[in-house]
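Trainee: My questions all concern the structure below.
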Amino acid sequence: MDALDRVVKPRTKRAKRFLEKREPKLNENIKNAMLIKGGNANATVTQVLKDVYALKKPYGVLYKSKPFEDQTSLEFFSKKSDCSLFMFGSHNKKRPNNLVIGRLYDHHVLDMIELGIENFISLKDIKNSKCPEGTKPMLIFAGDDFDITEDYRRLKSLLIDFFRGPTVSNIRLAGLEYVLHFTALNGKIYFRSYKLLLKKSGCRTPRIELEEMGPSLDLVLRRTHLASDDLYKLSMKMPKALKPKKKKNISHDTFGTTYGRIHMQKQDLSKLQTRKMKGLKKRPAERITEDQKKKSKRVKKN
């Protein structure tokens, strides 16, 4: 049995808190990422990993040099560091400037996609101010391939998982500080990072300008190792406790308007008290006919 698979009983309160943090939860923790430098990585790949780590802070772990032969060592470090995402960088003659990005489900590899770096501009090469650590980015995907091709569709899902950051309930305008833009065009993926500048516009809504912040990458899709449809569906399964309960007698239209249905007993509208107005008063002729009808009903009863 693997050392990390054994049932460990905590001996101290600190160890107990540590194990409780790693227990399965209804609302999972923010996904951490491992950024791993291969034993044969060159300067370009090393700098790419450092720049991605700068974007992922504090939800990332940077390993300096870890040679991997198979998936078992990757899964071992995933359990050790509690990471469900990884990026592995390597370089060789057959596949130069190679990046493997992937994710794990239950500490087993789910998806892996291999990307080749064709052009790279580092964070430090662009001389301007950067965003603070831990800022949540806005993600933009451009290109029909992200919606049509299965490999690109899975890559889009993987990139969203990798860079989305913490889930927030409210957003303020000043908190929108930088954008990650992914464009799929002519078999390549263009990754750009922009800082958002809010300028005066003379009205309440500010004018927005984009300033390139770095890193900048031109990537090409190489090999893929995707999970089966059944396993992918199982990994996306939502717990029953988190599923919204259906409310009775409430419906929504296409514009999002809420409609409610109320069940009432049958009303006698003849006894309904209305506002008294001079225009609604009965005329003398109408009163005489009503009195005659009442008298005729009494005669019939007798």
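The values are calculated or read from the model by the stated rules, or taken from the named source; none is laboratory data. As the structure is a prediction and not an experimental result, all values here were calculated from the model. Don't worry about glycine lacking a Cβ; one is built from the backbone with ideal geometry, like all the others, and counts go over all protein chains shown. SASA here: full protein model, heavy atoms, side chains in, ligands and nucleic acids out. Shrake-Rupley method; radii C 1.70, N 1.55, O 1.52, S 1.80 Å.
Trainee: When the residues of segment 99-137 are narrowed to those that are open to solvent by 60 Å² or more (accessible area, probe 1.4 Å) and in a strand (DSSP E or B), which ends up farthest from Val179 (Cα to Cα)?
Mentor: Once the filter is applied, the top-ranked residue is His108.
Trainee: Pairs needed: first member in segment 99-118, on the phi > 0 side of the Ramachandran plot; second member anywhere, open to solvent by 10 Å² or more (accessible area, probe 1.4 Å) and among the polar types (S, T, N, Q); C-beta distance under 9 Å; at least 6 residues apart or different chains.
Mentor: The qualifying pairs are Asp106/Ser235; His107/Ser84.
Trainee: Okay, next question. Do the conditions hold for Tyr190, that is, is it part of a helix (DSSP H, G or I) and touching a residue at least 24 places away in the same chain (Cβ under 8 Å)?
Mentor: In short, no.
Trainee: Collect the residues in segment 1-18 that are open to solvent by less than 100 Å² (accessible area, probe 1.4 Å), out of contact with any Leu (no Cβ under 7 Å at 6 or more places or on another chain) and at pLDDT 75 or above, keeping them in residue-number order.
Mentor: Thr12, Ala15
Trainee: A further question on this structure: If Asn249 satisfies every condition in (1) on the phi > 0 side of the Ramachandran plot; (2) within 25 Å of the chain's Cα centre (by Cα) but one, which is the exception?
Mentor: (2)
Trainee: Then there's this: Output the residue which, of all residues in segment 43-76 that are touching a Gly at 6+ places or on another chain (Cβ under 9 Å) and part of a loop (DSSP other than H, G, I, E, B), is surrounded by the fewest Cβ atoms within 10 Å (Cβ to Cβ).
Mentor: Pro58
Trainee: Determine which single condition Phe141 fails, assuming it passes every other condition in (1) assigned to a loop (DSSP other than H, G, I, E, B); (2) in contact with a helix residue (DSSP H, G or I) (Cβ under 8 Å, 6 or more places away or on another chain).
Mentor: Tallying (1) assigned to a loop (DSSP other than H, G, I, E, B); (2) in contact with a helix residue (DSSP H, G or I) (Cβ under 8 Å, 6 or more places away or on another chain), Phe141 fails exactly one: (1).
Trainee: Shifting gears a bit: Does segment 199-227 hold any residues that are surrounded by fewer than 18 Cβ atoms within 10 Å (Cβ to Cβ), assigned to a strand (DSSP E or B) and out of contact with any helix residue (DSSP H, G or I) (no Cβ under 7 Å at 6 or more places or on another chain), and which are they?
Mentor: Of everything in segment 199-227, those that are surrounded by fewer than 18 Cβ atoms within 10 Å (Cβ to Cβ), assigned to a strand (DSSP E or B) and out of contact with any helix residue (DSSP H, G or I) (no Cβ under 7 Å at 6 or more places or on another chain) turn out to be Lys199, Arg207, Ile208, Glu209, Leu210, Glu211, Glu212, Asp218, Val220, Arg222, Arg223, His225.
Trainee: State all residues of segment 36-85 that are among the hydrophobic types (A, V, I, L, M, F, W, C), within 21 Å of Leu159 (Cβ to Cβ) and in contact (Cβ under 8 Å) with a residue 60 or more places away in the chain; if no residue qualifies, say none.
Mentor: Val45, Val48, Val52, Ala54, Leu55, Leu85
Trainee: Still on this structure, please answer the following. Can you name the residue in segment 105-133 that is of a type in the set (A, V, I, L, M) and at pLDDT 90 or above and is also nearest to Lys237 (Cα to Cα) among such residues?
Mentor: In this case the residue turns out to be Met112.
Trainee: State all residues of segment 77-98 that are outside any strand (DSSP E or B), farther than 28 Å from Tyr194 by Cβ and open to solvent by less than 20 Å² (accessible area, probe 1.4 Å); if no residue qualifies, say none.
Mentor: Ser78
Trainee: Sort out which residues of segment 161-178 are more than 15 Å from Leu217 (Cβ to Cβ) and surrounded by 13 or more Cβ atoms within 10 Å (Cβ to Cβ), and write them in order of number.
Mentor: Asp161, Arg164, Gly165, Leu176, Glu177, Tyr178
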